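*Asks:* Here's a structure for you.
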Amino acid sequence: MRIFLRTFVVMLIIVLGVSQAQTVELGIRYNPEFTYLLNKNDNNAGSSLNLTSNFGYFSFGAGGIINFNNYLGVAVDLLFSREGQRFEGNFTSDSFDAATYSSVVSTQLSLNGMVISGDYVAKAELNYIKIPLMISLTSDNTKQFFFTLQAGPQFNFLVDVAQEVNHHDLDYPNSNINPKDLYKSFTINGVLAV
């Protein structure tokens, strides 16, 4: 409820600010992304679980900036974002670290009637709707070269999750496990754009 109230107040300020704004800029957004999904358990797994970054992801959507003067404004975007993490590991015996992503892979394989011995590659891909709300500071934009800095909170709503092992999409059949339930459905983080 607090988050909703704070978001409502910020949106009210924006709406009231539009009436006082000098200019409003609208645009389409497309951002390539370099993603890691980090957590303490996977990080502590050490060499038994190799994390590989993914650069092939993106976010796209629409956004706008409400400029109150030549130097100050508020920017808001509505973005669809796909991000993910690739994991490489090895099942050399029946044991695995239950606290790491290898336990997710083991559960998926077991429920799908698959057995892997040796190396595996797993991928988790998460789809989000993201709403960054940023203060926009600009140097003198009447000059040929100027800089813009945007910073603020970003509200992330998890839409869907896809998981695969050795290039096969896997679900959790005959169980009450939903891949989306393994992740937080709502997060807030910070955005800094130069």
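The values are calculated or read from the model by the stated rules, or taken from the named source; none is laboratory data. Please read these numbers as outputs of a predicted model, since none were measured by experiment. Cβ atoms come from the backbone with ideal geometry, glycine included; neighbour counts cover every protein chain shown. These accessible areas exclude ligands, DNA and RNA; they are computed on the full protein's heavy atoms, side chains included. Shrake-Rupley method; radii C 1.70, N 1.55, O 1.52, S 1.80 Å.
*Asks:* Could you tell me the calculated FRET efficiency between F68 and K180, based on Cβ-Cβ distance and R0 = 45 angstrom, to the nearest 0.05?
*Replies:* 0.70
*Asks:* Any idea of the accessible area per residue across the stretch 127-194, 1.4 Å probe, to the nearest Å²?
*Replies:* On a per-residue basis, 64 Å².
*Asks:* For the stretch 179-192, what does the Karplus curve 6.51 cos²θ - 1.76 cosθ + 1.60, with θ = phi - 60°, yield as ³J(HN,Hα) per residue in whole Hz, taken in order and with x for Gly and Pro?
*Replies:* Couplings: x, 5, 6, 7, 10, 5, 7, 9, 9, 10, 9, x, 10, 9 Hz.
*Asks:* Output the peptides 162-169, 120-127 sorted from most to least packed, where packing is the average of other Cβ atoms within 10 Å over each peptide's residues.
*Replies:* Sorting 162-169, 120-127 by mean packing, highest first, produces 120-127, 162-169.
*Asks:* Using a 10 Å cut-off on Cβ atoms, rank the peptides 22-31, 133-142 from the highest mean neighbour count down.
*Replies:* 133-142, 22-31
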